[in-house]
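Participant: This is the structure, below, for whatever I ask next.
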Amino acid sequence: MLFCSLATMAQGTHMAVMVDEGIETIESPNENVFLTFRIRDGKPYYSIAYKQRAVVKTSGMGLQLAKDKHASKGLAETDLLDGFKIANVQKSTFDETWKPVWGETRTIRNHYNELAVTLKQEPTNRTMIIRFRVYDDGVGFRYEFPQQKELNYFIVKEEKTQFAMAGDHTAWWLPGDYDTQEQETQESKLSEIRSKFRQAVNWSNSSVAIFSETGVQTSLQMKSKDGLYINIHEAALVDYPAMHLNLDDKTMVFESWLTPDAVGNKAYVQTPFNTPWRTVIVSDDARDMLSSNLILNLNEPCKLEDTSWIHPTKYVGVWWEMIVGKSSWNYTDDYPSVKLGQTDYAKAKPNGRHAANTENVKKYIDFAAKHGFDQVLVEGWNIGWEDWANMWKRDVFDFTTPYPDFDIKTLNEYAHAKGVKLMMHHETSSSIPNYERHMEKAFQLMNQYGYDAVKSGYVGDIIPRGDFHNSQNTVEHYLYAVKEAAKHKIMVNAHEAVRPTGLCRTYPNLIGNESARGTEYEAFGGSRPDHTVVLPFTRLQGGPMDYTPGIFETQLSTWSENPSWVRSTLVGQLALYLTMYSPLQMAADLPEHYERYMDAFQFIKDVACDWDDSKYLEAEPGDYITVARKAKDTDNWFVGGKCDENGHLTTLKLDFLDKDKKYECTIYADAKDAHYEKNPKAYTITKKTVKKGETLKIKQAAGGGFAISLFAK
């Protein structure tokens with residue numbers, strides 16, 4: 001059947017006819033999400049509606065290819081944009097329930113209707129499949145290229161996937177940047193992105209100057225005037241560059257913008273090949289955005305046969321004192337005379353500020369053992385920190401040689417004797433070839449001493465020089481590191497890596513990432529109070545974040561020379577252990593600071609980091625989030641609420657509790673006069689017995705929150 005769209009031209013001219021040469025539709029299992037695919041004048045288009053309201057208007061699809069000197073007869077230079085006819089259509093339904101190794105819930109339902117459209121391009125005789133999966137909360141789609149003589153190798157110049165918005169939505173966005181996500185989220189209308197772009201960017205240390213003043217990163221969260229919440233991101237980013245979005249702010253149409261490599265190309269493809277999924281999550285309830293599993297479901301099932309060694313982890317660490325500037329990572333200040341492999345550190349003059357020394361690390365081990373923490377992170381333990389950052393230096397660290405004052409054997413024996421493990425730290429300084437050369441020996445060292453988790457870092461410009469953190473080559477390196485670590489039964493927590501896209505389902509030893517503006521920036525000038533009630537709608541859509549919460553001494557000048565301060569109340573920091581989901585949670589402050597507030601610290605000791613169930617009770621991007629979680633294999637619940645600088649009154653209905661049980665309830669709340677700036681450490685602790693059906697009213701201070709533990713009696 002042909003569907004025609006007619007548009008009358010100016011008087012005296014012919015009538016322009018847009019011809020739909022093929023059209024297919026499919027809806028979600030609950031019929032709320034409706035997808036339309038069409039071929040119009042040989043070009044593929046799609047659109048998405050939710051409850052009969054436009055989410056993505058008719059939007060173009062396809063790939064623009066680069067000239068390839070290796071291609072025969074120039075065929076690979078023909079774009080995959082037009083000349084298509086529908087060769088085959090397949091529709092199917094899929095419904096399964098799977099168990100994550102760790103997660104917000106014990107089980108996850110993966111239920112969708114699928115439309116797979118096989119396209120034939122004339123006259124090249126190439127085949128391209130566009131596969132759509134339509135869920136109750138959105139759509140995922142990708143391009144698939146079967147192995148074929150006519151399209152074996154090709155280079156992607158641009159991906160032309162469009163997302164045509166139905167209005168000038170409010171958006172929470174980060175400036176498009178090939179190298180970092182460590183910026184503060186901006187809130188504006190889509191039409192205001194251009195005017196706000198320059199003030200949002202650190203031009204002295206950013207690649208956005210070669211991008212666009214209307215370019216943004218994913219995950220992009222939006223809200224329409226009529227109350228639709230829309231999120232655009234990607235899933236299963238493998239062997240392909242990360243996607244940004246470039247906005248035409250006159251038409252409100254986003255187009256995919258892939259991260260280039262050092263010579264400007266976007267992706268090098270050999271068939272058979274599938275691109276990552278492009279994802280659109282939609283709902284008229286903000287809570288559905290936070291509870292969505294669409295991105296996880298679009299990833300492949302776990303590929304590790306044995307996952308018994310993977311475990312959620314709470315840890316402390318030698319880190320915050322260096323971030324604030326009180327201590328140092330480097331052992332000596334003999335800069336720049338130190339050179340890896342050519343320096344006798346035994347003869348170097350210690351600077352007296354090196355934090356990763358044996359006695360100081362023992363103090364953290366003692367604290368972890370006393371309070372039930374699993375591991376102790378130690379940064380700055382290995383040689384090379386004197387001359388490492390922002391030098392574009394190839395040979396930086398060897399990841400195996402400790403400084404003279406760090407006795408790795410003694411410390412591991414000391415930790416293991418107390419039931420604690422050390423967490424390894426591998427800062428690569430973004431020298432990928434150097435890390436890959438040393439990776440096997442580094443992991444062998446971890447196995448030798450019983451380390452089972454590594455925090456890796458990618459600070460600085462990428463080597464190979466001219467490449468980016470989010471390019472195809474670098475994306476593949478991050479996954480390579482995870483796969484190699486799995487061979488040694490090592491969990492990976494990667495910082496400064498590409499933003500997650502749900503690969504933790506396939507490789508659950510990828511237990512955490514940073515890939516956003518974390519707590520460390522509170523020591524670098526701070527982040528706005530609304531920052532942590534935006535991140536769950538944006539960065540956390542693709543996977544958990546190692547945010548490193550738990551800062552109690554929020555005024556850093558009281559114990560260091562750092563003038564910064566944390567934009568949160570003390571109780572607001574407790575709430576982050578619930579609202580910023582992660583199976584890897586750090587108590588990031590110094591042990592001596594926690595010793596002053598042991599009654600509040602009790603919540604960090606008690607709170608779980610692996611869950612049987614999670615229920616988002618109230619949510620609004622940038623304003624507030626309240627979530628209740630049931631600890632794995634227990635009847636105990638924990639509740640956390642976090643808000644922005646305006647404060648928030650929460651009416652908490654305990655309907656999620658189990659029937660016929662009573663709970664010992666401890667409420668950690670902001671005091672009446674608490675304020676993130678004026679009085680951040682004012683809090684109250686209330687204990688009572690509660691049961692299902694009761695209601696609690698809790699007032700959150702400006703920049704504050706609350707935390708509740710509910711232990712079944």
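The values are calculated or read from the model by the stated rules, or taken from the named source; none is laboratory data. What you are looking at is a predicted structure, and each value in this text was computed from that prediction instead of being measured. Please note: Cβ atoms are built from the backbone with ideal geometry, for glycine as well, and neighbour counts cover all protein chains shown. These accessible areas exclude ligands, DNA and RNA; they are computed on the full protein's heavy atoms, side chains included. Shrake-Rupley method; radii C 1.70, N 1.55, O 1.52, S 1.80 Å.
Participant: Within segment 485-493, is there a residue that is surrounded by fewer than 22 Cβ atoms within 10 Å (Cβ to Cβ) and in contact with a helix residue (DSSP H, G or I) (Cβ under 6 Å, 6 or more places away or on another chain)?
Facilitator: yes
Participant: Going through segment 140-159 one residue at a time, which ones are touching a helix residue (DSSP H, G or I) at 6+ places or on another chain (Cβ under 9 Å) and not in a strand (DSSP E or B)?
Facilitator: Result: 150, 152.
Participant: Still on this structure, please answer the following. Scan segment 556-587 residue by residue and report those that are assigned to a loop (DSSP other than H, G, I, E, B) and under 21 Å from residue 682 (Cβ atoms).
Facilitator: The answer is 559, 564, 566, 567, 568, 569, 587.
Participant: If I ask for residues that are under 19 Å from residue 45 (Cβ atoms), touching a Lys or Arg at 6+ places or on another chain (Cβ under 6 Å) and buried (at least 20 other Cβ atoms within 10 Å of the Cβ), which ones from segment 103-126 would you list?
Facilitator: 115
Participant: Where the second residue is among the charged types (D, E, K, R) and the first is surrounded by 23 or more Cβ atoms within 10 Å (Cβ to Cβ) and lies in segment 449-472, which pairs have Cβ atoms under 6 Å and are six or more apart or on separate chains?
Facilitator: As it stands, the answer is 458/496; 467/261; 468/179; 469/179; 471/261, since those pairs meet every condition given.
Participant: Assess whether residue 261 counts as being open to solvent by 50 Å² or more (accessible area, probe 1.4 Å) and modelled with pLDDT of 95 or more.
Facilitator: For residue 261, the condition - open to solvent by 50 Å² or more (accessible area, probe 1.4 Å) and modelled with pLDDT of 95 or more - is not met.
Participant: Which of the residues that make up segment 237-266 are aliphatic (A, V, I, L, M) and either out of contact with any Ser or Thr (no Cβ under 8 Å at 6 or more places or on another chain) or over 15 Å from residue 159 (Cβ atoms) (or both)?
Facilitator: Across segment 237-266, the qualifying residues are 238, 247, 252, 258, 262, 263.
Participant: Pick from segment 498-548 the residues that are of a type in the set (Gly, Ala, Ser) and assigned to a loop (DSSP other than H, G, I, E, B): which of them is nearest to residue 622 (Cα to Cα)?
Facilitator: 527
Participant: Tally time: how many residues in segment 373-409 are open to solvent by 30 Å² or more (accessible area, probe 1.4 Å) and part of a helix (DSSP H, G or I)?
Facilitator: Residues meeting the conditions: 1.
One line per residue, one yes/no per condition, for (1) of a type in the set (D, E, K, R); (2) more than 30 Å from residue 188 (Cα to Cα):
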residue	(1), (2)
650	no, no
671	no, yes
682	no, yes
713	yes, yes
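Participant: Oh, and also: For segment 287-313, give me each residue that is surrounded by 22 or more Cβ atoms within 10 Å (Cβ to Cβ) and farther than 29 Å from residue 134 by Cβ.
Facilitator: Of everything in segment 287-313, those that are surrounded by 22 or more Cβ atoms within 10 Å (Cβ to Cβ) and farther than 29 Å from residue 134 by Cβ turn out to be 310, 313.
Participant: Here is a follow-up. Considering only residues that are in a helix (DSSP H, G or I) and touching a helix residue (DSSP H, G or I) at 6+ places or on another chain (Cβ under 7 Å), look in segment 410-429 and name the one that is surrounded by the most Cβ atoms within 10 Å (Cβ to Cβ).
Facilitator: Looking at residues that are in a helix (DSSP H, G or I) and touching a helix residue (DSSP H, G or I) at 6+ places or on another chain (Cβ under 7 Å), I get 415.
Participant: Which pairs have Cβ atoms under 7 Å, sit 6 or more apart or on different chains, and link a residue in segment 527-544 that is under 20 Å from residue 176 (Cβ atoms) and among the aromatic types (Phe, Trp, Tyr) to one that is assigned to a loop (DSSP other than H, G, I, E, B) and modelled with pLDDT of 95 or more?
Facilitator: Between residues of segment 527-544 that are under 20 Å from residue 176 (Cβ atoms) and among the aromatic types (Phe, Trp, Tyr) and residues that are assigned to a loop (DSSP other than H, G, I, E, B) and modelled with pLDDT of 95 or more, the close pairs are 537/621.
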